Amino acid sequence: FREARQRATALDQLNVARRQLERDMVGDAELLLATDQADTERTGLSVYHESFHQGVVGIVAGRLRERFHKPVICFADAGDVAPDELKGSARSIDGLHIRDVLDQVATQHPGLLLKFGGHAMAAGLSIKRVHLERFGVIFDKAVAANCTQDMLEAVLFSDGPLQESELVVETAEQLAAGGPWGSQFPEPMFDGEFELVSQRIVGGDHLKLVLKCGERVIDGIAFRQAPLVAGTKSVEVAYRLGVNDYGQVPTAQVVVEYIRAIT
């Protein structure tokens with residue numbers, strides 16, 4: 001039991017350190033992009049810093065993709081084995097096959113990519129460090145040639161509101177049983193207006209909510225969401241209905257995809 005506790009503690013400490021590294025890298029990447037307006041105006045974004053860690057670049061690329069709703073590649077040093085190379089992790093948006101875009105780049109610019117692979121929404125690649133700036137320009141042009149303006153606009157499709165009586169564990173379990181869900185078979189999303197009972201930050205950057213619909217009170221969680229303006233009384237929410245089984249008794253939970261203060 002003592003050994004199991006020690007290992008669990010060590011794993012928890014590693015996870016806390018990884019989350020902090022992720023937050024630091026996302027913040028640094030956003031700052032790097034913000035300092036050059038030409039970068040943020042690109043259709044395809046690429047970012048690198050010597051402090052970035054190979055093991056986290058994929059997560060960071062995903063966070064930036066969510067933030068800008070554009071295809072993103074995040075690069076890190078390849079390491080001592082290949083000190084003159086960078087390894088990148090790409091995350092795409094719906095409708096743009098990122099592996100095909102990289103294949104197009106490799107075909108039109110032989111030697112630019114040392115290797116690459118992946119699928120529609122995510123890919124990995126390696127380039128020479130000296131080609132970083134050139135690659136960024138070429139990648140941007142390739143993405144722009146394969147994107148429409150509609151693809152670059154973040155849109156959430158809703159199945160409509162759930163009634164007060166449907167905001168229960170049984171509904172969430174029925175929805176889960178209808179899966180598995182995927183990119184071409186998305187999990188149902190709903191929208192509605194709720195009274196905001198309370199809000200607080202948990203886990204460093206997640207917003208824990210207590211919402212009210214009619215007479216029913218339900219918990220909510222909005223990942224990587226800043227607190228709403230103090231005094232907010234009601235909100236408009238796009239959400240998925242999930243189950244919070246953290247306690248002894250499972251409860252229904254609103255998993256927020258979008259939230260906006262109304263009053």
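The values are calculated or read from the model by the stated rules, or taken from the named source; none is laboratory data. Because the structure is predicted, anything quoted here is derived from the model rather than measured. Glycine also receives a Cβ, built like all others from the backbone with ideal geometry; neighbour counts cover every protein chain displayed. The area values use the complete protein model at the heavy-atom level, side chains included, leaving out ligands, DNA and RNA. Shrake-Rupley method; radii C 1.70, N 1.55, O 1.52, S 1.80 Å.
Tell me which residues, restricted to region 98-132, are open to solvent by less than 70 Å² (accessible area, probe 1.4 Å) and within 18 Å of Cys147 (Cβ to Cβ).
Ile98, Val101, Leu102, Asp103, Gln104, Val105, Gly118, Ala120, Met121, Ala122, Ala123
When region 10-51 is filtered for residues that are closer than 21 Å to Leu125 by Cα and at pLDDT below 75, the ones remaining, listed by number, are Glu22, Asp39. Take the conditions (1) over 19 Å from Ser165 (Cα atoms); (2) of a type outside the set (A, V, I, L, M, F, W, C); (3) within 22 Å of the chain's Cα centre (by Cα); Ser234 misses just one of them, which is (3).
Which of the residues that make up region 162-185 are part of a loop (DSSP other than H, G, I, E, B) and closer than 30 Å to Gly214 by Cβ?
Here is the first cut: in region 162-185, the residues part of a loop (DSSP other than H, G, I, E, B) are 162-163, 167-168, 178-181, 183-184.
Leu162, Gln163, Leu167, Val168, Gly178, Gly179, Trp181 - these are the residues of region 162-185 that are part of a loop (DSSP other than H, G, I, E, B) and closer than 30 Å to Gly214 by Cβ.
The set of residues from region 187-214 being open to solvent by 40 Å² or more (accessible area, probe 1.4 Å), touching a strand residue (DSSP E or B) at 6+ places or on another chain (Cβ under 8 Å) and over 29 Å from Arg19 (Cα atoms) comprises Asp191, Glu193, Glu195, Lys212.
Is at least one residue of region 82-89 of a type in the set (A, V, I, L, M, F, W, C), under 18 Å from the mean Cα position of the chain (by Cα), open to solvent by less than 20 Å² (accessible area, probe 1.4 Å) and under 29 Å from Arg224 (Cα atoms)? Scanning region 82-89 turns up no residue that is of a type in the set (A, V, I, L, M, F, W, C), under 18 Å from the mean Cα position of the chain (by Cα), open to solvent by less than 20 Å² (accessible area, probe 1.4 Å) and under 29 Å from Arg224 (Cα atoms).
Which residues, taken from region 160-181, are under 22 Å from the mean Cα position of the chain (by Cα) and open to solvent by 60 Å² or more (accessible area, probe 1.4 Å)? Lay out the reasoning, then the answer.
Filtering region 160-181 down to residues under 22 Å from the mean Cα position of the chain (by Cα) leaves 176, 179-181.
The answer is Ala176, Pro180, Trp181.
Residues of region 120-131 being within 25 Å of the chain's Cα centre (by Cα) and either modelled with pLDDT of 95 or more or small (Gly, Ala, Ser) (or both), which ones? Answer for region 120-131, where residues must be within 25 Å of the chain's Cα centre (by Cα) and either modelled with pLDDT of 95 or more or small (Gly, Ala, Ser) (or both): Ala120, Ala122, Ala123, Gly124, Leu125, Ser126, Ile127.
Every residue in region 246-261 that is closer than 25 Å to Trp181 by Cα, part of a strand (DSSP E or B) and open to solvent by 60 Å² or more (accessible area, probe 1.4 Å), please.
Going residue by residue through region 246-261, those that are closer than 25 Å to Trp181 by Cα are 246, 250-259.
From what's left, part of a strand (DSSP E or B): 251-259.
Once the filter is applied, which keeps residues that are closer than 25 Å to Trp181 by Cα, part of a strand (DSSP E or B) and open to solvent by 60 Å² or more (accessible area, probe 1.4 Å), region 246-261 yields Glu257, Tyr258.
Within region 1-29, the set of residues being more than 21 Å from Ala61 (Cβ to Cβ) and surrounded by 10 or more Cβ atoms within 10 Å (Cβ to Cβ) comprises Gln6, Arg7, Ala8, Thr9, Ala10, Leu11, Asp12, Gln13, Leu14, Val16. Scanning region 215-240 for residues that are small (Gly, Ala, Ser) and open to solvent by 50 Å² or more (accessible area, probe 1.4 Å) gives Ala226, Ala230, Gly231.
Can you tell me which residue among Val217, Val210, Val237, Val243 is within 26 Å of Asn15 (Cα to Cα), part of a strand (DSSP E or B), of a type in the set (A, V, I, L, M, F, W, C) and touching a residue at least 12 places away in the same chain (Cβ under 8 Å)?
Working: Val217 fails: within 26 Å of Asn15 (Cα to Cα); Val210 fails: within 26 Å of Asn15 (Cα to Cα); Val237 fails: within 26 Å of Asn15 (Cα to Cα).
Selected residue: Val243, the only one of Val217, Val210, Val237, Val243 that is within 26 Å of Asn15 (Cα to Cα), part of a strand (DSSP E or B), of a type in the set (A, V, I, L, M, F, W, C) and touching a residue at least 12 places away in the same chain (Cβ under 8 Å).
Can you say whether Gly231 is free of Cβ contacts under 8 Å to residues at least 60 places away in the same chain and on the phi > 0 side of the Ramachandran plot, as far as the supplied structure shows? Answer is yes for this residue.
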